[in-house]
Amino acid sequence: MKILVVEDDAEAASYLIKGLRESGHGVDHAVDGETGLEMALSATYDVAVIDRMLPRRDGLSLISSVRAEGRDLPILVLSALGQVDDRVMGLRAGGDDYLTKPYAFTELLARVEALGRRRAASPAQTIYRVGDLELDRLAHSARRGGIAIDLQPREFRLLEYLMRHAGQVVTRTMLLEHVWDYHFDPQTNVIDVHISRLRAKIDKNFDRPLLHTVRGAGYMIRDGLR
Amino acid sequence: MTGFAKLIRTTAFRLVVTYLLVFVLFAAALLGYIAWNTRRVLEAQLNETIETEINSLAEQYRLGGPRRLAASIERRSREARGFFYLFADARGEQIAGNAVNIGAVLQRQPGWHELSYTRAEDGASEQTFARVRLFRLPNNLTLVVGHDLDDRQRMRLVIRQSMAMSLALVFVLGGIGAWVVSRRVLRPIDSMTEAASRIMAGNLAERLPVRGVGDELDRLAEHLNLMLNRINELMAGLRDVSNNIAHDLRTPLTRLRAGAEEALRTASTPEELKAALDRTIEESDGLMRIFNALLMIARVEAGAVPGALADVELAGVVSDVAELYEPAAEEAGLDLALSIEATPVVRGNRELLGQALANLIDNAVKYGRPADQGTKPPPLRLALSTHDGMAEIAMSDHGPGIPPEAREKVLDRFVRLEKSRAQPGYGLGLSVVAAIARLHGGSIRIEDNSPGTKAILSLPLARVEGVTR
């Protein structure tokens, strides 16, 4: 993916760029809001990572300007302001996702890749398939190897989200945000218990596990042979 | 700045000067009016006197012509009653009269005049002012009759003297009065200023003086004192927070550093190093969570209301969060029973309310296990109800409970009971709940569930029986 990073802090930027490049992405870097806006409008990027506090042009104003130009470039807002209202403001300005500093790089990478993939994926897809696991969004049913799996509504949404991002790391906070629609700190890893329940249903009686734990990052669903 | 310039800038000085100016203006206006009126009366009197004299002379003229008039004037001139007489022929020669140097007088037009002349019998050159009336008689004779203006001059002198006198009095008395008044008004202000500068210099316990007379200045001082008290409380709170942060961040920071050092010294394989780094990241994540929780409490307590508050269906939030925690509770060997007895709507922030609930359930899961491990423990109970215009969320467990004397204290930051030390946590969960409750105009209280703990979060309803707030 081609990623635009707009971040004025040199150390944070180099850490971020290094990590993204090591993960196989092409990265362009702008150090202020004006340059960032020019670059966002002059080239085509898959994802932009934009810091909220920038010299010359504020991050939120940059995002509004990009949106005013009619670009649907997926944008991840980075901010040291982590309160609920800041998040809402960031998303209202046209950001697609919001991450509070300091963040784990795995979290950022997972979100950037989810954003980039979201654009590539066709939204009209009604059946997700990973290996012999199949999820039908319209029929609200899941089956593996032809055997129907009985899922609770929340488990279904959890599996749906994981399969939409098949082959990608999905973090616990991403799950809490997209499956439960909450953004708070759940104290204990409540998500893990939900995952292990889901895992018991889809992986337990099969010799090849599909739902994997990615240490220090989150979870990923994929065909184990790949 | 010179002393005088400083004096000019004081309110006392300005008050004094303003008072004086007003007094002087009043006094001058009053005296001026009196002087003007007196002069008018005197003038009218004088005119009347002169008219009478003229009438009497006219009678003489009518009876005996110029000759008799001249004789009469001659006689009257000698009596010297303050009258001025001049009777002259066509060439300007004096026929009769009591004045010398009369040339200028005769040039005047008929009518009223005021002039100075020298009285003939005085011999000296003393000038006298007079008000006169000039007549032209047949045969180009000129008659001037008048009266000295001594009275008016004396009057003017008296007025001038009294004016000077009263002005001096006004200056002295008004000055003293204004000074006294302004001192009375300004002394309390000065003492307030002094007290304020002492407070600013660091004597934070000092308060502004209240004289107990209940006037505006007292009220001002009382309010400023209340403000100082509030600032003091806030500062104390802030100090506590920073002390606590320093204290409670020190432990995990020390652990973080020790772990990293230890790994650097002893770890020999990449796997060991990696494990140590993982632990380091975990520790720093913990630090971040403490930090975020503290920031949230601080912001909520500072009254920074996050975003716009909206109507929130509590039942939805309660069942969402309960559903989120149910597997975790089960993992801990506890059932989570949900009982929704009402569907209240509160004005609030869904995320924060979710966070508060999550903390309550998390506490119950962590500390809600009965001491008796043998049998299957009774379920944790999460109940939503309404009571007296408040929505109540009650989280009950059957754990060891919280002793009555500690129930207030556990709401404070970083307070962890001795028994809870074995569990992971930072002692911020209930503080966050308390802060969120306060933000929503509600409260959190801890009750005995005999045995166990019952934490009740009360929130004011957005609407009461169809009445929109």
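The values are calculated or read from the model by the stated rules, or taken from the named source; none is laboratory data. Quick caveat, the model's predicted, so the values are computed rather than measured. A quick note on method: Cβ atoms are made from the backbone with ideal geometry, for glycine too, and the neighbour counts reach across all protein chains shown.
Looking at the stretch B:338-357, which of its residues are in contact with a helix residue (DSSP H, G or I) (Cβ under 9 Å, 6 or more places away or on another chain), of a type in the set (G, A, S) and over 21 Å from B:L439 (Cα atoms)?
Result: B:A342, single match.
So which of A:R199, A:R222 is modelled with pLDDT under 90, surrounded by 15 or more Cβ atoms within 10 Å (Cβ to Cβ) and under 13 Å from A:Q168 (Cα atoms)?
A:R222
Could you run through the stretch B:425-454 and say how many residues are within 13 Å of chain A (Cβ to nearest Cβ) and free of Cβ contacts under 8 Å to residues at least 40 places away in the same chain?
0
Name the residues in the stretch B:328-362 that are touching a Ser or Thr at 6+ places or on another chain (Cβ under 8 Å) and assigned to a helix (DSSP H, G or I), would you?
Within the stretch B:328-362, B:A328, B:D362 meet the criteria.
Just name the residue that is farthest from B:Q161 (Cα to Cα) out of those in the stretch B:16-50 that are exposed (fewer than 13 other Cβ atoms within 10 Å of the Cβ) and not hydrophobic (A, V, I, L, M, F, W, C).
Ranking the candidates gives B:E48 first.
Conditions tested, residue by residue: (1) modelled with pLDDT of 80 or more; (2) over 30 Å from B:A35 (Cβ atoms); (3) among the charged types (D, E, K, R); (4) not assigned by TED's automatic domain parsing to the domain that holds B:T11.
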site: B:A96; (1), (2), (3), (4): yes, yes, no, no
site: B:G123; (1), (2), (3), (4): no, yes, no, no
site: B:D148; (1), (2), (3), (4): yes, no, yes, no
site: B:L173; (1), (2), (3), (4): yes, no, no, yes
site: B:V181; (1), (2), (3), (4): no, yes, no, yes
site: B:A196; (1), (2), (3), (4): yes, yes, no, yes
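Regarding the stretch A:55-63, can at least one residue be identified that is crowded, with 22+ Cβ neighbours inside 10 Å and within 16 Å of the chain's Cα centre (by Cα)?
no
Go through the residues of the stretch B:349-367 one by one and say whether even a single one is over 16 Å from B:P460 (Cα atoms), more than 11 Å from every other protein chain (Cβ to nearest Cβ) and either touching a Leu at 6+ places or on another chain (Cβ under 7 Å) or modelled with pLDDT of 80 or more (or both).
Yes, the stretch B:349-367 contains at least one residue that is over 16 Å from B:P460 (Cα atoms), more than 11 Å from every other protein chain (Cβ to nearest Cβ) and either touching a Leu at 6+ places or on another chain (Cβ under 7 Å) or modelled with pLDDT of 80 or more (or both).
Identify the residue in the stretch B:314-334 that is in contact with a helix residue (DSSP H, G or I) (Cβ under 9 Å, 6 or more places away or on another chain) and more than 10 Å from chain A (Cβ to nearest Cβ) and, among all such residues, is surrounded by the fewest Cβ atoms within 10 Å (Cβ to Cβ).
Selected residue: B:G316.
Within the stretch B:368-384, how many residues are under 14 Å from B:K454 (Cα atoms) and either touching an Asp or Glu at 6+ places or on another chain (Cβ under 7 Å) or basic (K, R) (or both)?
Number of matching residues: 7.
Within the stretch B:287-301, count every residue that is at pLDDT below 75 and within 11 Å of chain A (Cβ to nearest Cβ).
5
Out of all the residues in the stretch A:13-24, which are in contact with a strand residue (DSSP E or B) (Cβ under 9 Å, 6 or more places away or on another chain) and in contact (Cβ under 8 Å) with a residue 60 or more places away in the chain?
A:L16, A:L20 - these are the residues of the stretch A:13-24 that are in contact with a strand residue (DSSP E or B) (Cβ under 9 Å, 6 or more places away or on another chain) and in contact (Cβ under 8 Å) with a residue 60 or more places away in the chain.
Answer yes or no as to whether B:A332 is under 30 Å from A:P153 (Cα atoms) and within 55 Å of the chain's Cα centre (by Cα).
no
From the list A:L211, A:L176, A:L151, pick out the single residue that is within 13 Å of another protein chain (Cβ to nearest Cβ), modelled with pLDDT of 85 or more and under 26 Å from B:V321 (Cβ atoms).
On inspection, the qualifying residue turns out to be A:L176.
Which one is nearest to A:D207 (Cα to Cα), of the residues in the stretch A:125-173 that are under 19 Å from the mean Cα position of the chain (by Cα) and surrounded by fewer than 14 Cβ atoms within 10 Å (Cβ to Cβ)?
A:G167
Are there helices (runs of 4 or more DSSP H) fully within the stretch A:1-113 with at least 1 residues that are more than 14 Å from chain B (Cβ to nearest Cβ) and in contact with an Asp or Glu (Cβ under 7 Å, 6 or more places away or on another chain)? List them.
A:10-22, A:33-42, A:59-68
Every residue in the stretch B:229-286 that is within 24 Å of A:P102 (Cβ to Cβ), more than 14 Å from chain A (Cβ to nearest Cβ) and acidic (D, E), please.
Listed by number, the residues that qualify are B:D248, B:E261, B:E262.
Are there any pairs with C-beta distances below 8 angstrom linking a residue in the stretch B:322-342 that is closer than 19 Å to A:F184 by Cα to a residue that is of a type in the set (D, E) and not in a strand (DSSP E or B), with the two at least 6 apart or on different chains, and if so which?
Partner pairs satisfying both residue conditions: B:Y325/B:D362; B:A329/B:D335.
Would you call B:G441 assigned by TED's automatic domain parsing to the domain that holds B:E323 and at pLDDT 80 or above?
The answer is yes for B:G441.
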